[in-house]
Amino acid sequence: MEASGKKPQKNNLITSKFLLTKEDVKAAEEKQLMCLMEFVVGSFLPISICENVQFRQLIESHNPDAIPCSRENLRGVIVKKAASMRLLAKDFLSGRNVAITTDCWTSRANEPYISLTAHLIEDDWTLASLDLCCEPFPGTHKAAVIAAKVSELHTKFGIPDANIICCVTDNEPTNNKAADHMSYEWIGCIDHLVELTTGIAFDGPGVKDVMAKCRRIVGHFSSSSQAQDTLLRQQLVTGTGTPLKVVQDVVTRWWSTYSMVERLLELRVSLHQLANIDDKIAEIMLSLQEWEIVKQMERILKPFMHIQRFFEGQTYLMSLT
């Protein structure tokens, strides 16, 4: 019997189980599970996604015989991989001098956490940072407790006090006091210190009221897609270049207030044109005197923004000595 002339299709590694040994099938399934683990962890997704109906349909569309993975199996793989990575990190850090940074915060779910990162210079003189842990930190967060927890964490990775050059935290008062309970040098984050310094600028006459009004303007356009579209179209009419959106400042995003006032100044003409035809916008629009305060704040905050961006660099060293 002559061949039909069609090229035989390649069998999928999973769909062709009858051609493979049990070891081959097991290896393929383990590879599939590892790929899923890397996808979930690398994309910061919840492990429950492996049981999501649409996600499973996507997998089945590529491989009808793919074995579904439960969240218990996926969790087990992640836990096992994490333990392996901790051992690698511990071996890598053995005998090395490091600087550490730590931070405490509360999640949106009102759950307290603490993190620890180690920073060092490798043998080829490149900078390296290892995120060692991020774990729940329940209970009181007094200075002595924080210092003891930090010590527990770096000891877990085989880093003795003698190998720690310094510990860097933000300048929150409790962290400052925690330094008294540490055997190594504590340094307050200079970038955070600069951020705290910029707060002095908001103590000027009328500044806080004007900033609150700026946030109302930003909130008006950022909370409504229709209002945002109106602003974008108005900029096209004005001919001010590529249409821009308002920028919301965030307390935990340093120099974002500068970004907010800078953008409002760029949008000033379009905003006033909209205020002339929209009473709601007119009610929240800044007066000429208030715009002058915004201009002054932009000039004051700009050099702080530049220095903060410099301090945020991760490819060079800085010293406070």
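Values quoted throughout were computed directly from the atomic coordinates according to the rules given, and no laboratory measurement underlies them. Note that the structure is a prediction, hence the values are computed from the model and not measured. Here the Cβ is made from the backbone with ideal geometry for all residues, glycine too, and neighbour counts use every protein chain on show.
Within the listed set Asp249, Asp229, Asp161, the residue fluctuating most in the Gaussian network model of the chain (springs between alpha-carbon atoms under 10 angstrom) is Asp229. Residues Lys213, Lys31, Lys177 in ascending order of nearby Cβ atoms (within 10 Å, fewest first): Lys31, Lys177, Lys213.
Spin-label pair His181-Val145: with each label point 7 Å from Cα along the Cα-Cβ axis, the two points sit 0.9 nm from one another. Ranking of Ser129, Ser259, Ser225 by neighbouring Cβ atoms within 10 Å, starting from the fewest: Ser225, Ser129, Ser259.
Here the 3J(HN,Hα) profile of region 91-104, calculated from phi with Karplus coefficients 6.51, -1.76 and 1.60 at θ = phi - 60°, is 5, 5, 7, 4, x, 8, 8, 9, 9, 10, 10, 9, 8, 10 Hz, Gly and Pro shown as x.
Residue-wise HN-Hα couplings along region 66-78, as the Karplus relation 6.51 cos²θ - 1.76 cosθ + 1.60 with θ = phi - 60° gives them from phi, are 4, 7, x, 10, 8, 5, 5, 5, 5, 4, x, 5, 5 Hz; Gly and Pro carry x. To the nearest 10 degrees, how steep is helix 256-266 against the longest Cα principal axis of the chain, on a 0 to 90 scale? Compared with the principal axis, the helix lies near 60 degrees.
Counting only DSSP beta bridges with both residues in the chain, the antiparallel share comes to about 70 percent.
Note on the chain: GNM, Cα springs under 10 Å; of Arg268, Arg215, Arg71, the largest mean-square fluctuation is that of Arg71. Between Arg309, Arg108, Arg96, the GNM of the chain built on Cα springs shorter than 10 angstrom shows Arg108 fluctuating the most. Loop sites by DSSP among the GluC sites (Glu not before Pro) of the chain, restricted to those with at most 11 other Cβ atoms within 10 angstrom, leave 123-311 as the longest stretch without any of them. What net charge do the residues around Thr198 carry, taking every other residue with its C-beta under 15 Å from that of Thr198, with Lys and Arg at +1 and Asp and Glu at -1? With Lys, Arg at +1 and Asp, Glu at -1, the net is -3. 3J(HN,Hα) along region 213-229: 5, 4, 5, 5, 5, 4, x, 4, 8, 8, 9, 9, 5, 5, 5, 5, 4 Hz, from the Karplus curve 6.51 cos²θ - 1.76 cosθ + 1.60 with θ = phi - 60°, whole Hz, x for Gly and Pro. All other residues whose Cβ lies under 13 angstrom from that of Trp255 are scored, Lys and Arg at +1 and Asp and Glu at -1, for a net of -2. Along its principal axes, the chain has C-alpha extents of 89, 65, 41 angstrom, given from the largest down.
Its residue count N fixes a reference of 2.2 N^0.38 Å for region 95-188, and the Cα radius of gyration divided by that reference is 1.07.
Please compute the net charge surrounding Asp170, taking Lys and Arg as +1 and Asp and Glu as -1 over other residues with Cβ under 15 Å from its Cβ. Local net charge: -3. Counting only alpha carbon atoms, the long axis of helix 53-62 and the longest principal axis of the chain meet at about 50°.
If you count Lys pairs in region 162-321 whose Cα atoms are under 24 Å apart, skipping same-chain pairs closer than 8 places in sequence, the total is 12.
Taking the fewest neighbouring Cβ atoms within 10 Å as the starting point, the ordered list for Val194, Val261, Val53, Val77 is Val53, Val194, Val77, Val261.
A cut-off of 5 Å between modelled amide H atoms, ignoring neighbours fewer than 5 places along the same chain, links Val168 with Ile100, Thr101, Thr102, Ile187.
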